[in-house]
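Okay, structure first, notes after.
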Amino acid sequence: MNVTATDFDIRNLSGTQDSVAVSAKGFVEVQATLSVPPSTTMYLLTQDIGPYAQNSYFLRNTGGGSVTVSVEIAPVDDADFYVSGGTTGVGASSNYLSAVATLMRYARLRVQTGGSAVGVDAYYNGRA
């Protein structure tokens, strides 16, 4: 960046007369509501998380049985590259929340059901 001025005075910043405000940070939310069939693994809300500094997934098990959930990340959007940070069981009427802690380009939510169909509400949130 170049700055050009006439009579440009450089001074130290002072809390009594100077301030910095950060506003309008980019934020995105994506949501999906669906029923996951019995004995099925589904991948939900695959996102390019590169533009965002903070990323999280939230899942609400709306009923029908329990699910196993994990957030998977990958450097490219290719099924062979996704890795999971660990799985969590989520019972009926319970919630799951996970932040993406490792720097990576893509993320998705992996949901696996047992012997019964399960309803889920899933959300992805990203903030620049």
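The values are calculated or read from the model by the stated rules, or taken from the named source; none is laboratory data. On a predicted model such as this, the values are computed, not experimentally measured, just so you know. With ideal geometry, Cβ positions are generated from the backbone for all residues, glycine too; neighbour counts draw on all protein chains shown.
Pick out the one residue from 103, 109, 97 that is among the hydrophobic types (A, V, I, L, M, F, W, C), under 28 Å from residue 127 (Cβ atoms) and assigned to a loop (DSSP other than H, G, I, E, B).
The conditions single out 103.
Please verify whether residue 19 is on the phi > 0 side of the Ramachandran plot and loosely packed, with under 14 Cβ neighbours inside 10 Å, treating the condition exactly as stated.
Criteria not met by residue 19.
Pick from the stretch 98-121 the residues that are within 18 Å of residue 27 (Cα to Cα) and in contact with a Phe, Trp or Tyr (Cβ under 7 Å, 6 or more places away or on another chain): which of them is surrounded by the fewest Cβ atoms within 10 Å (Cβ to Cβ)?
My answer is 98.
Exactly one of (1) at pLDDT below 95; (2) at negative phi; (3) out of contact with any Phe, Trp or Tyr (no Cβ under 9 Å at 6 or more places or on another chain) is unmet by residue 80. Its number?
(1)
I want to confirm something. Restricting to the stretch 80-94 and keeping residues that are assigned to a strand (DSSP E or B) and hydroxyl-bearing (Ser, Thr, Tyr), which single residue is surrounded by the fewest Cβ atoms within 10 Å (Cβ to Cβ)?
Among them, the one singled out is 84.
So, in the stretch 69-94, exactly how many residues are under 14 Å from residue 58 (Cβ atoms) and under 15 Å from the mean Cα position of the chain (by Cα)?
3
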